[in-house]
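Reading through the structure tokens given below for one structure.
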Amino acid sequence: MKTFFRIILLVLSSFGAGALYGETFNATVDWNRRVTIGFGMSGQVKAVAAHPGDAVASGSVLVALDTVLLEIALHKASNTEAISEAEMERQLAVVEREQTLYDEGSLSAVQLEQVELELSRAEFAFNDAELEHQKMQHLLELATLTAPFDAWVVDSDFMPGQFVNHGADAPPLMALAERGRYLAQARIDVTAVERLSDNPSIQVHVGERVFDAVRSRVGLEPILDAAQQKRYLLKVQFESEDLIRPGTPCTVTVL
């Protein structure tokens with residue numbers, strides 16, 4: 001009799017699972033990642049290498065500012081650093097020589113302290129020159145916008161010859177969306193949320209194309225649909241090298 005009841009329970013539980021597995025939800029496609037980037041410094045746009053609609057690779061140059069003055073400042077900082085390093089090394093040799101004289105009793109403690117003080121000044125000057133060199137290198141890097149990942153250029157405000165004021169209320173920007181990975185977003189009820197905790201296989205259907213889910217997640221907070229019913233947002237990541245525009249209808253199928 002106990003065995004019979006176990007069989008009944010298994011059958012009932014399988015019927016409950018079947019209410020979700022094989023079910024299809026209407027969804028829409030969205031970007032997986034979308035970012036807006038701009039310059040962290042002011043300057044004149046020298047070159048624009050990417051335009052809306054272009055596919056760009058991670059690390060590729062998108063927009064570059066004129067860097068003539070920055071390159072001059074960088075060379076100057078490099079020269080100052082080299083001179084400061086040579087002066088520090090020269091002063092270090094003086095201290096070593098004076099230390100020998102002090103050990104032999106031919107130099108007073110006051111004179112030794114004086115040359116050690118000069119060495120400290122030379123070391124501080126060298127450190128300042130190093131920092132200035134690093135600062136100029138950093139500014140030179142800021143003068144170029146690069147793609148943070150493989151992306152589609154969604155929008156751009158940049159044009160050659162344009163002056164960029166990064167401190168303006170509305171500075172020019174470029175919008176990028178991750179290329180190769182998308183989201184299918186569907187609204188599901190709490191029953192579906194509970195059953196999705198079993199991590200079933202999911203597929204996304206966009207027209208005739210079928211994509212296996214890379215990852216899926218359900219929002220923690222409910223949202224209200226048009227009928228004021230509580231739903232949860234299901235986000236399913238999938239991969240496609242082709243451009244799929246956000247808002248494209250699709251379906252999410254739980255296998």
Can you find a residue that is at pLDDT below 95, among the charged types (D, E, K, R) and in contact with a strand residue (DSSP E or B) (Cβ under 7 Å, 6 or more places away or on another chain) anywhere in the range 188-205? yes
With the checklist (1) touching a helix residue (DSSP H, G or I) at 6+ places or on another chain (Cβ under 6 Å); (2) outside any helix (DSSP H, G or I) in hand, flag the one item Tyr102 doesn't pass. (2)
Condition first: under 29 Å from Thr80 (Cβ atoms) and among the hydroxyl-bearing types (Ser, Thr, Tyr). Now tell me which residues in the range 105-124 satisfy that. Ser120
Restricting to the range 105-133, what's the tally of residues that are outside any helix (DSSP H, G or I) and either within 19 Å of Lys76 (Cβ to Cβ) or not hydrophobic (A, V, I, L, M, F, W, C) (or both)? 3
For the range 139-161, which residues satisfy the criterion of being closer than 30 Å to Ala77 by Cα, over 13 Å from the mean Cα position of the chain (by Cα) and in a strand (DSSP E or B)? Thr144
Candidates Val204, Val252, Val214, filtered to the one that is surrounded by fewer than 18 Cβ atoms within 10 Å (Cβ to Cβ), of a type in the set (Val, Ile, Thr), within 29 Å of the chain's Cα centre (by Cα) and outside any loop (DSSP other than H, G, I, E, B): Val214
Determine, yes or no, whether Glu178 is out of contact with any Leu (no Cβ under 7 Å at 6 or more places or on another chain), of a type outside the set (Lys, Arg) and at pLDDT 95 or above. yes
Cross-chain or 6+ apart pairs with Cβ under 9 Å, the range 24-45 first and over 26 Å from Thr251 (Cα atoms), then among the charged types (D, E, K, R) and not in a strand (DSSP E or B): Gly38/Asp157; Gly43/Asp66; Gln44/Asp66; Val45/Asp66
Tally the residues that are at pLDDT below 90 and of a type in the set (Ser, Thr, Tyr), restricting the search to the range 103-126. 2
Unmet criterion (only one of (1) modelled with pLDDT under 90; (2) of a type outside the set (Asp, Glu); (3) within 44 Å of the chain's Cα centre (by Cα)) for Thr100: (3)
Among the residues of the range 130-180, count how many are farther than 29 Å from Ala55 by Cβ and among the polar types (S, T, N, Q). 3
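Out of the residues in the range 29-45 that are among the polar types (S, T, N, Q) and surrounded by fewer than 16 Cβ atoms within 10 Å (Cβ to Cβ), state the one that is nearest to Pro160 (Cα to Cα). Let's see the steps before the verdict.
Within the range 29-45, the subset among the polar types (S, T, N, Q) is 32, 36, 42, 44.
Next, from what is left, pick out any that are surrounded by fewer than 16 Cβ atoms within 10 Å (Cβ to Cβ): 36, 42, 44.
Details: Thr36: 19, Ser42: 14, Gln44: 8 Å.
Residue satisfying both the conditions and the ranking: Gln44.
The values are calculated or read from the model by the stated rules, or taken from the named source; none is laboratory data. Worth saying up front: this structure is predicted, and the values here are computed from it rather than measured. Virtual Cβ from ideal backbone geometry, glycine too; neighbours counted across all protein chains shown.
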